[in-house]
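The values are calculated or read from the model by the stated rules, or taken from the named source; none is laboratory data. These numbers were taken from a predicted model, which means no experiment stands behind them. Cβ placement follows ideal geometry from the backbone for every residue including glycine, while neighbour counts extend to all protein chains displayed. SASA here: full protein model, heavy atoms, side chains in, ligands and nucleic acids out. Shrake-Rupley method; radii C 1.70, N 1.55, O 1.52, S 1.80 Å.
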Amino acid sequence: MSKTISSSIPRLDAHKKIAGQAEYVGDMTMENLLHARTVRSSKAHARILNIHVPELPAGYDVVNYKDVRGNNTMQTVVSDHPLFAEDTVNYIGQPILLIIGPSKEKTAELASQVTVEYEELPPVSTIEEAEKTKSTHVEYDYSKGDPESAFSKATKIITDEYRTGQPEHLYLETNGVIARYEHGKVIVYGSFQCPYFVKNAVIHATNLPEERVRVVQTVTGGAFGGKEEFPSLLATQAANAALKSQQSVRLILDRKEDMETSTKRHPSVMKYRVALDENNDITALEIDITFDGGAYATISPVVLQRAMFTATGVYNFPRLMVKGRVAKTNKVPSGAFRGFGSPQVLFGIEQLMNRIAGVTGNAFLPFKKHYFLEKGDTTATGGKMWGDVKIREVLTKINEMSGYENKKQSPGINRGIGISFFLHGCGFTGKGEVDISGEVILKKKGNKVSIHTSNVEMGQGASTTLIKIVAYSLSIPEKDVDFVQQDTDSVPDSGPTVASRTAMIIGGLIKKACNRLLEQWHEEETEVKEVYQHPDYVTWDNEKFQGDAYPIYSWGANVAEVEVDSVTCEVKVEKLWGVFDIGVALDEEIIKGQMQGGMLQGLGFAYLEKMTSDKGKLGQLNLTDYTIPTALDVPEIDLDFVENPYEFGPYGAKCAGELPLSGVAPAMAEAVGQALNITVHEAPMTPEYLKGRYHED
């Protein structure tokens, strides 16, 4: 790879000891701090008839929907989730009220003594039940060309179906906030990704003017999308509790509570219909996607949109019909999760392409390669592939690294090898970035510069990367660059830390701001502001879903080599390979960590992480029952990159963080299918599932 920022600037002292001084929201102390415990629904769907609260000692109180000063809904894409249930509950774990008081233990004890009388209602528990009752949150469709004409002339029509599960984020630090009431102002501290999401939600729920709401991000111990919209629920509850009590209120979820009530990745069912002509070429494709959104829509519409726009993967089909919907069920709401709808559909399209290749007598790799997108091609939504598409170069490199084609011919007994290809649209979908108009501010004082942005550090390396951009651009030491804490009283609204947008979008704004700051470097004290604008060539019609859904894409390929026990169907991953086009790596060590971490999360999604639900009741609520990859499950991972600079990214950088999760599951599905001589239609590929397929096939 060519010289990168990370190799051009001296690193900070690598031997500096970790002081252990990070202060998480659970570490914070304040005078007159009250603790909050949530009383939650034990029913998936029911009317609330009566609530019996025990006699509360002095200093303890109840906070419910009657105490909400503003709107009793969490503001997000669809503001339909109540802060506190009023007449009905729609999922197990839905908040009904808070008990607040000075003792954490006593508050929990009193909350456990609250009893609720219900009139149970029939729940909708599965996607299939939602289909029968036509229970949906939202439904979309778009098309390209004339697919029905191609189906009417087809020589052969193939149908297939694939499913994915409901994995949990399992960040190490659970969700938590403190809301502080001070001099007529509410200050919310918390573990979250999007300070301005939280601020706007608190304004919505309290009716306070903007200047009387302040939000401060504390050190955040992991998020992966699970702290995108969900913290707004806790923040608005705690804020109203602080307003009622005129004191500070801490609301932190324990592990069981967090797993039971926080959002999950959308379970999916993906159905396909493929038209082939007399030469076995694909002439049209129909894709039907159903996501389980749970009880409330919240952020599901935009998750579905990304899934629909990504549904064709790295392939170009001349005619296309894509339909999608979010099923409304009486389950915990689904939400943002790394990949944001892409991992589900990329699993589906990769398996479908393998299936078509098998039916038509083609080897998987040459067949897929024939349909690869190229620069200038029309995208699924009728836009254009504006940037260089180096997926063929990615393929060549990973094939050489892994020996995929050679090993595929003779993998060995109960062994298999699989390959997958994937992409990720960089930044917000459609006009999202334009609507946000994210801004950053650089402030210079003497020879020191501070970065003011609402994009947070949550373990992914944002602070390091953005500091490097400034230091490199201004030719100053990193120690002279300050990444200012994300406090809405001191940083502008740069948009949320989601959508793999921090390095490319925010880093790009910072690079432009540095260019302007150089012109003013002679001034002792000054500041510059930059506001995001889309490249001129990007067009998007949000009503018709037509145009450029994303300005540019990142690309990748994975190879997985596995061994499967033919008796127990337990899978052992021998090795993983990954090759990625993320433009230019701004910090190679951080990027390698992102790719490895994403691929390990992909392993969990692929075959280990199983969350079951029985009539809305989740079955795995602790680290014993919910299995994530451990050190014993981590195979050797071999990584490489294809450099492909993006004109509008800082030093050529494109998006990176979400890309690596998507490719492991489809690569493993091919490998496991080869090892057992079966077809894999579901993720996670648990031994129980594989045993059923093994005997069935």
query = Would region 231-241 turn up any residue that is within 18 Å of the chain's Cα centre (by Cα), open to solvent by less than 10 Å² (accessible area, probe 1.4 Å) and farther than 25 Å from residue 64 by Cβ?
reply = no
message = Out of everything in region 159-198 that is closer than 20 Å to residue 82 by Cβ and in a helix (DSSP H, G or I), what residue ends up being least open to solvent (accessible area, probe 1.4 Å)?
response = 198
query = Taking helices (runs of 4 or more DSSP H) that do not extend beyond region 319-434, which have at least 1 residues that are within 20 Å of the chain's Cα centre (by Cα) and under 29 Å from residue 600 (Cα atoms)?
reply = 342-359
request  = Give region 293-304 a look and list any residue that's out of contact with any Asp or Glu (no Cβ under 7 Å at 6 or more places or on another chain) and either crowded, with 24+ Cβ neighbours inside 10 Å or basic (Lys, Arg) (or both), or say none.
outcome  = 293, 294, 295, 300, 303, 304
ask   = Inside region 558-578, can you point out the residues that are free of Cβ contacts under 8 Å to residues at least 24 places away in the same chain and not aliphatic (A, V, I, L, M)?
value = 572
remark   = Going through region 90-122 in order, the residues found to be farther than 14 Å from residue 40 by Cβ, part of a strand (DSSP E or B) and either without any contact (Cβ under 8 Å) to a residue 12 or more places away in the chain or open to solvent by 10 Å² or more (accessible area, probe 1.4 Å) (or both) are 117, 119, 120
task = Output the number of residues of region 566-585 satisfying the condition of being open to solvent by 10 Å² or more (accessible area, probe 1.4 Å) and of a type in the set (A, V, I, L, M, F, W, C).
result = 4
remark   = The one condition residue 619 fails out of (1) under 30 Å from residue 406 (Cβ atoms); (2) open to solvent by 10 Å² or more (accessible area, probe 1.4 Å) is (1)
message = Could you list, ordered by first residue, the pairs with Cβ atoms under 8 Å in which the first is in region 645-667 and over 18 Å from residue 164 (Cβ atoms) and the second is part of a loop (DSSP other than H, G, I, E, B) and among the basic types (Lys, Arg), at least 6 apart or interchain?
response = 646/654; 655/501; 657/338
key: Residue satisfying all of: in region 437-472; more than 30 Å from residue 169 (Cβ to Cβ) and part of a loop (DSSP other than H, G, I, E, B); farthest from the chain's Cα centre (by Cα) among these   = 446
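Results for (1) crowded, with 24+ Cβ neighbours inside 10 Å; (2) modelled with pLDDT under 95; (3) under 20 Å from residue 647 (Cβ atoms), shown as yes or no for each residue.
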{"position": "450", "(1), (2), (3)": "no, no, no"}
{"position": "456", "(1), (2), (3)": "yes, no, no"}
{"position": "461", "(1), (2), (3)": "no, yes, no"}
{"position": "484", "(1), (2), (3)": "no, no, no"}
{"position": "492", "(1), (2), (3)": "no, no, no"}
{"position": "507", "(1), (2), (3)": "yes, no, yes"}
{"position": "511", "(1), (2), (3)": "no, no, yes"}
{"position": "517", "(1), (2), (3)": "no, no, no"}
task = May I ask you to say which residue of 176, 225, 145, 221 is in contact with a Lys or Arg (Cβ under 7 Å, 6 or more places away or on another chain) and within 30 Å of residue 603 (Cβ to Cβ)?
result = 225
request  = Give the residue that is nearest to residue 399 (Cα to Cα), with candidates limited to residues of region 519-551 that are hydrophobic (A, V, I, L, M, F, W, C) and open to solvent by 20 Å² or more (accessible area, probe 1.4 Å).
outcome  = 538
